[in-house]
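Participant: Dumping the structure here so I can ask a few things about it.
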Amino acid sequence: MGLLKEPDYGTPARPGEATVTVEIDGTPITVPEGTSVMRAAAESGTEIPKLCATDSLEAFGSCRLCLVEIDGKNGTPASCTTPVAEGMKVRTQTPRLEKLRQGVMELYISDHPLDCLTCSANGDCELQDMSGVVGLRQVRYGYEGENHLDAPTDDSNPYFSFDASKCIVCSRCVRACDEVQGTFALTISGRGFDSKVAASNDEPFFDSECVSCGACVQACPTATLQEKSVVDLGMPTRSVLTTCAYCGVGCSFKAELRGDELVRMVPYKDGGANEGHSCVKGRFAFGYATHPDRRTKPMIREKITDEWRETDWETAISHVAAKFRDIQERKGSGSIGGITSSRCTNEEVFAVQKMVRAAFGNNNVDTCARVCHSPTGYGLKQTFGTSAGTQDFRSVAASDVIVVIGANPTDGHPVFASRMKRRLREGAKLIVIDPRRIDLVRTPHVEASHHLQLAPGTNVALVNAMAHVVVTEGLVDRSFVEDRCEEFDEWAEFIAREENSPEAVEDITGVPAEDVREAARLYATGGNAAIYYGLGVTEHSQGSTMVMGMANLAMATGNIGRDGVGVNPLRGQNNVQGSCDMGSFPHELSGYRHVADDAVREVFEKLWERPILDEPGLRIPNMFDAAVAGSFHGLFVQGEDIAQSDPNTQHVHAALEAMELVVVQDLFLNETAEFAHVFLPGTSFLEKDGTFTNAERRINRVRPVMAPKPGKDEWQVACEIARAMGYDMHYAHPSEIMDEIASVTPTFAGVSFAKLDEVGSVQWPCNDKAPQGTPVMHVGEFVRGKGRFVPTPFVASRERSTRRYPLVLTTGRILSQYNVGAQTRRTANVAWHPEDVLEIHPHDAEDRGISSGDLVELTSRVGSTTLKAEISDRMPVGVVYTTFHHPGTGANVVTTESSDWATNCPEYKVTAVQVGHAVVPEQAGAEQREAVLSES
């Protein structure tokens with residue numbers, strides 16, 4: 001489809017041992033049985049003209065350009081829908097076929113602008129390409145009468161336009177929306193000459209159900225659907241293969257440039273995670289990297305009330321090192337620390353944690369995974385032996401039952417959600433466990449068999465009730481448990497207690513007992529059953545307990561160690577998995593090995609030539625508490641906006657204000673930078689050279705599309721600070737950092753830039769035992785040997801509704817925005833979500849006299865904020881919901897210090913609140929009132 005687009009071969013060959021030998025234009029070729037004639041021809045080196053066929057869509061056979069002749073058969077069948085047969089003789093180029101194709105092409109062109117034959121300036125146009133292939137030189141048919149060359153252009157979408165005058169109604173965009181994305185937002189309306197592509201009842205694209213994933217743009221064979229960036233900047237001339245820096249799916253893209261200017265991001269069809277698909281963020285929301293708000297020079301100030309002053313790198317690094325050394329000399333070696341970023345590469349994260357351990361001389365390093373998936377690490381390590389999900393994304397295609405717990409894939413992980421929806425449309429059953437009615441509960445051609453709408457904070461009670469059904473109704477996979485697990489009897493005795501029955505916990509969870517029993521039976525007996533979960537599991541006071549509860553349920557039913565099953569965390573940020581893998585936790589070195597292990601420490605001490613403490617350092621919440629108490633004084637923050645993203649904002653602010661030195665390395669002056677004394681500019685993913693590790697443990701290369709705007713890579717900055725503090729830390733290239741990671745981390749032993757450049761990506765463990773990586777974990781045996789059952793008693797959260805705070809707040813994300821919004825708010829994505837709103841049930845709203853659009857005050861025991869209300873029945877009575885993408889709302893002002901018992905992961909998902917009308921002082925002038933409203 002034009003420059004840098006991979007060729008389309010029609011229906012892919014189906015896997016299987018049976019093969020057939022056919023003859024294409026006199027050349028024999030052996031292909032798998034079931035292969036289309038078009039693909040067989042392509043594999044023999046013969047290109048058959050086509051328009052409706054692509055390798056990502058089901059065979060359609062409508063364009064009639066791919067007609068072929070087959071000996072012994074009458075007619076000219078479409079090669080994309082015709083399977084090969086043993087001994088078949090196919091002719092793809094004959095005078096008859098040439099005449100037929102030219103006639104078909106003339107009909108297409110007659111309803112398409114003439115410049116398609118002569119001009120490529122309009123961008124990608126397969127119609128033009130195919131016109132050349134079939135040898136069309138002129139069009140006999142006139143333009144008068146029934147055509148749509150004067151049809152208007154829909155420019156409503158911020159990123160692409162729909163020029164109906166160029167549409168040939170081939171249906172590729174419609175099929176891409178249906179088959180690839182699964183939104184079903186497009187259709188063909190009208191008949192005959194009146195046929196046209198329409199979005200959601202003829203609405204403009206922006207107002208329709210279109211989610212701007214770009215699948216339709218990618219599929220369009222003409223310039224009908226086209227990126228506005230291509231129109232503005234021209235067609236790209238070169239490309240760089242890299243990895244998206246948004247969610248944990250880790251999509252591969254070709255960054256396409258014209259000269260040194262990025263024109264567009266094109267999903268890479270061989271990307272292991274996305275296989276050619278994308279979402280609105282990954283495909284279009286890259287403009288933040290060149291936004292005017294970017295800070296590209298270091299800045300220093302003595303007090304946080306002072307103005308920033310720009311300086312050079314040498315001065316800034318010397319200043320940071322001197323200040324850190326001074327604090328240590330006066331306050332002790334443990335008085336400083338660092339926080340790594342899940343948005344940075346593995347190499348950058350490894351460099352920062354090494355800087356803390358080797359140059360700072362302590363284990364006071366933590367990562368933003370502390371506030372999202374640290375319970376995943378703890379819970380899966382206790383039960384399975386390793387802190388990561390069990391499957392690759394492809395595995396869901398073999399699932400018969402899919403359980404989604406505390407996750408909203410269509411908004412948070414949309415590319416994987418499309419893959420999941422495809423399997424659901426094929427017949428897999430869906431169980432959704434969530435207080436909110438997420439889109440997956442009921443979406444086009446997909447409806448959950450069960451939506452267990454539990455009360456926030458009762459996950460553990462519910463999963464125990466499901467396990468109770470499995471144990472007491474004889475649904476345990478005895479052979480799996482006996483062969484591969486331990487401590488089952490103790491767990492089974494606990495789980496069989498009446499207190500864990502669906503009937504006993506019904507009043508706790510709010511879910512009818514019979515619904516729980518039916519869902520448990522489906523999970524245990526419905527075939528391959530997979531669990532996918534998100535922050536609605538981990539961000540609770542019993543987050544770690546719930547992770548172990550899900551692992552117990554999977555082991556009891558034998559749903560571990562093969563395709564289609566498993567326990568799978570949907571990681572929120574692009575490198576959450578990697579930042580944890582790299583040793584960012586205060587108690588673990590890379591590969592999840594405890595600092596108390598003498599043998600492990602010896603490996604690092606020998607290489608780094610520095611002693612490593614055998615006691616864990618401070619976690620992020622401990623750092624804040626110690627700062628307020630006066631014993632922690634200096635912090636290096638790598639790419640993490642803790643002042644906005646961490647709970648109990650007032651406490652975080654107090655901790656930052658109490659420190660002598662706060663160093664922030666980021667793209668923008670974020671909320672945390674308001675409390676910083678030094679700002680060091682960071683690099684966007686378009687400037688990085690390294691690797692990300694996604695939610696399926698896939699290690700992907702990140703390649704620089706442009707030079708680092710600050711003049712330095714982030715790993716270089718960490719090295720230079722370490723050297724300025726007296727520790728000689730040096731690398732010539734990030735590949736050397738990965739080589740060091742591989743040398744000290746058993747699960748990464750076989751990973752190198754050279755290997756990744758050769759094979760594309762691998763999933764750890766990648767070592768001598770698994771040189772090509774490990775798509776599915778725990779095959780044959782668990783990493784820890786035997787899977788371990790752990791009793792999981794339910795303990796109610798301290799955060800519960802009271803007379804003063806009768807509602808419960810839970811939070812989440814929305815498709816168009818990402819995390820704290822620092823990136824997506826600086827793109828056109830704000831058009832879909834310009835502000836955070838509070839969803840409130842009609843009953844709760846009526847009790848308070850609240851209508852949609854009203855400005856309301858949201859108050860908890862630690863703080864309050866104002867935002868607009870939106871009446872919604874997605875939540876049960878008594879539960880309210882909001883997102884946290886806009887700092888003006890500051891949702892974490894109201895979240896509390898309540899956290900997971902094992903990991904201190906904040907309990908974002910349960911906060912007791914009250915909602916009422918916000919008070920705007922009547923005596924204020926119109927201008928002041930408007931200012932108050934705008935701040936919301």
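Read-outs: derived from the displayed coordinates by stated rules, not from any lab. Since this is a predicted model, take the numbers as computed values, not measurements. Backbone-built Cβ (ideal geometry, glycine too); neighbour counts: all protein chains shown.
Participant: Determine, for Val910, Val837, the number of other Cβ atoms within 10 Å of each Cβ, and report the residues in order from fewest to most.
Facilitator: Val837, Val910
Participant: Sorting check: for 847-860, 647-660, 394-407, which peptide has the highest mean count of neighbouring beta carbons within 10 Å, and how do the rest follow?
Facilitator: Output ranking for 847-860, 647-660, 394-407: 394-407, 647-660, 847-860.
Participant: Let me ask another. Using a 7 Å offset from the Cα along the Cα-to-Cβ direction at both Asp597 and Asp326, what is the distance between the two label points in nm, to one decimal?
Facilitator: So the two model labels end up 4.1 nm from each other.
Participant: What residue among Ile48, Ile109, Ala185 has its Cα farthest toward the positive end of the dipole of the chain, where the charges are +1 on Lys, Arg and -1 on Asp, Glu, each on the Cβ?
Facilitator: Farthest towards the positive pole: Ile48.
Participant: Looking only at segment 242-265, which residues have a backbone nitrogen under 12 Å from a spot 7 Å from the Cα of Thr290 in the C-beta direction?
Facilitator: 256-265
Participant: Could you tell me the calculated FRET efficiency between Thr30 and Glu674, based on Cβ-Cβ distance and R0 = 60 angstrom, to the nearest 0.05?
Facilitator: So the FRET efficiency works out to roughly 0.35.
Participant: Students often check this: by mean Cβ neighbours within 10 Å, which of 708-716, 186-194 ranks highest, and how do the rest follow?
Facilitator: 708-716, 186-194
Participant: Taking the beta-carbon count within 10 Å as an exposure proxy, list Val349, Val913 from fewest neighbours to most.
Facilitator: Listed from fewest to most nearby Cβ atoms, that is Val913, Val349.
Participant: Please pull out the direction-averaged projected area of segment 260-395, using the convex hull of its alpha-carbon atoms, in nm² to one decimal place.
Facilitator: One quarter of the hull surface, i.e. the mean projection, equals 13.2 nm².
Participant: Express the Stokes-Einstein translational diffusion coefficient of segment 175-222 in µm² s⁻¹, to the nearest whole number, given a Kirkwood radius over alpha-carbon pairs, 20 °C and a viscosity of 1.002 mPa s.
Facilitator: Estimated diffusion coefficient is 193 µm²/s.
Participant: Still on this structure, I have one more. Rounded to the nearest 20 Debye, what is the dipole magnitude of the chain about its Cα centre when Lys and Arg each give +1 and Asp and Glu each give -1 at the C-beta?
Facilitator: The dipole magnitude comes to about 1040 debye.
Participant: Oh, and also: So if I place +1 on the C-beta of Lys and Arg and -1 on the C-beta of Asp and Glu, and nothing else carries charge, what would the dipole magnitude of segment 19-133 be about its Cα centre? I want it in debye, nearest 20.
Facilitator: 380 debye
Participant: Here is a follow-up. Pop the C-beta distance of Thr153 and Leu100 into the FRET formula with R0 = 22 Å and round what comes out to the nearest 0.05.
Facilitator: Once rounded, the FRET efficiency stands at 0.10.
Participant: Once Lys and Arg get +1 and Asp and Glu get -1 on their Cβ, which of Thr811, Ser852, Val862 lies farthest toward the positive end of the dipole of segment 807-935?
Facilitator: The one lying farthest along the dipole's positive direction is Thr811.
Participant: Quick one: Debye curve from the alpha-carbon atoms of segment 153-290 only, equal weights, vacuum; give me log10 I(q)/I(0) at q = 0.14, 0.15, 0.20 Å⁻¹ to two decimals.
Facilitator: Treating every Cα as an identical point scatterer, log10 I(q)/I(0) equals -0.64, -0.73, -1.24.
Participant: With 10 angstrom as the radius, rank Thr54, Thr903 by how many other C-beta atoms surround their C-beta, starting from the fewest.
Facilitator: Thr903, Thr54
Participant: How long are the three semi-axes of the equivalent ellipsoid of segment 386-569, in whole Å, if each is the root of 5 times an eigenvalue of the C-alpha gyration tensor, listed from largest down?
Facilitator: That gives 23, 19, 15 Å for the three semi-axes.
Participant: Could you tell me the distance between the Cα centroids of segment 614-647 and segment 734-768, to the nearest Å?
Facilitator: So the two Cα centres are separated by 31 Å.
Participant: Among Ser590, Pro292, Met738, whose Cα projects farthest towards the positive end of the dipole of the chain, with charges put on the beta-carbon of Lys, Arg (+1) and Asp, Glu (-1)?
Facilitator: Sorting the options by dipole projection puts first Met738.
Participant: Hey, another quick one. Based on Cβ point charges of +1 for Lys and Arg and -1 for Asp and Glu, what charge dipole magnitude is obtained for segment 230-324 about its Cα centre, in debye rounded to the nearest 20?
Facilitator: So the magnitude is around 220 debye.
Participant: Hey, how much of the P(r) for the chain falls beyond 45 Å, as a percent of Cα pairs?
Facilitator: Every Cα pair in the chain considered, those over 45 Å come to 32 percent.
Participant: Given labels modelled 7 Å from the Cα in the Cβ direction, how far is it in nm from Glu657 to Ala707?
Facilitator: 4.3 nm
Participant: Given points 7 Å out from each Cα along the Cα-Cβ axis, report the Asp207 to Lys73 separation in nanometres with one decimal.
Facilitator: Output for this residue pair reads 4.7 nm.
Participant: Now a separate question. Under 25 °C and 0.890 mPa s, how fast does segment 676-779 diffuse according to Stokes-Einstein, given a Kirkwood radius computed over C-alpha pairs? Answer in µm²/s, whole number.
Facilitator: 162 µm²/s
Participant: Which of the peptides 196-205, 596-605 is most tightly packed, and how do the rest follow, going by the mean number of other Cβ atoms within 10 Å of each residue?
Facilitator: The most tightly packed comes first, giving 196-205, 596-605.
Participant: What percentages make up the Cα-Cα pair-distance distribution of segment 807-935 when the bins are 10 Å wide from 0?
Facilitator: 13, 40, 35, 11, 1, 0
Participant: Can you tell me the orientation of helix 926-935 relative to the chain, as the angle in degrees between its alpha-carbon axis and the longest Cα principal axis, to the nearest 10?
Facilitator: Approximately 80 degrees, to the nearest 10.
Participant: Separate question: Any idea how far the Cα center of segment 477-516 sits from the one of segment 304-333, in Å?
Facilitator: Rounded to whole Å, the Cα centres lie 55 Å apart.
Participant: Starting from the Cα gyration tensor of segment 800-844, take the square roots of the eigenvalues, sort them a ≥ b ≥ c, and report rounded, prolate or oblate (rounded when a/c is under 1.5, otherwise prolate if a/b is larger than b/c, else oblate).
Facilitator: prolate
Participant: Still on this model: Once the Cβ-Cβ distance between Val240 and Ala796 is put in as r, and R0 is 51 Å, what FRET efficiency do you end up with, to the nearest 0.05?
Facilitator: Given R0 = 51 Å and the Cβ-Cβ separation, E is 0.50.
Participant: Let me ask something else. If the label point is 7 Å along Cα→Cβ of Glu58, which residues in segment 179-213 have backbone nitrogen under 11 Å from it?
Facilitator: The answer is 179-180, whose backbone nitrogens lie closer than 11 Å to the label point.
Participant: Using Cα atoms only, what is the angle between the long axis of helix 459-472 and the major principal axis of the chain, expressed in degrees (0 to 90) to the nearest 10?
Facilitator: 70 degrees
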